[in-house]
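Working notes, beginning with the structure itself.
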Amino acid sequence: MTPLVGMLPCTDYLTNITVLTPPGECCDGLKSVIRDAPICLWQGMNGDMNQFLPKPVDPIRMLILPLACGTVLPLQTLFAFNSQQVPPIMPPTPAEPPVTTPSASP
């Protein structure tokens, strides 16, 4: 979830329809995600971010966020949403190693 942490200031805008514009910190975070990890924006679209927020993200607000911030998604990012596997928002927890018991010596 690291790249999306920069978008935490967007929470009120993305979850509250009465907030009319995203704050500057939100737009800065969005621009960083677009630059560094644009595929992670899909986490906002598919609802994965909702598990970390007090209210669900409004998908329409997520769609118009770049426009509201005065930025655009590069075309290759839009194509990646359709062609790349979206990574999980949190890495899977590693499996615990099997418990070994000492063998009896003869």
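Values for this structure:
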read-out	value
Subset tally (residues that are part of a loop (DSSP other than H, G, I, E, B) and more than 12 Å from residue 7 (Cβ to Cβ)) for the range 21-76	12
Pair list, Cβ < 8 Å and 6+ apart or interchain, from the range 45-67 residues that are under 16 Å from residue 22 (Cβ atoms) and touching a residue at least 24 places away in the same chain (Cβ under 8 Å) to residues that are part of a loop (DSSP other than H, G, I, E, B) and not β-branched (Val, Ile, Thr)	55/16; 57/47; 65/22; 66/73
Hits in the range 36-56 - residues which are at pLDDT 80 or above and either among the aliphatic types (A, V, I, L, M) or closer than 14 Å to residue 71 by Cα (or both)	37, 38, 41, 53
Residue in the range 26-35 that is surrounded by fewer than 18 Cβ atoms within 10 Å (Cβ to Cβ), small (Gly, Ala, Ser) and modelled with pLDDT under 80 present	no
Complete set of residues in the range 1-20 that are closer than 13 Å to residue 62 by Cα, part of a loop (DSSP other than H, G, I, E, B) and in contact with a Gly (Cβ under 8 Å, 6 or more places away or on another chain)	7
Residue in the range 4-13 that is among the aromatic types (Phe, Trp, Tyr), surrounded by 14 or more Cβ atoms within 10 Å (Cβ to Cβ) and at pLDDT 70 or above present	yes
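The values are calculated or read from the model by the stated rules, or taken from the named source; none is laboratory data. Remember, predicted model here, so these are calculated numbers, not experimental data. All Cβ positions, even for glycine, are placed from backbone atoms using ideal geometry, and neighbour counts span all protein chains on display.
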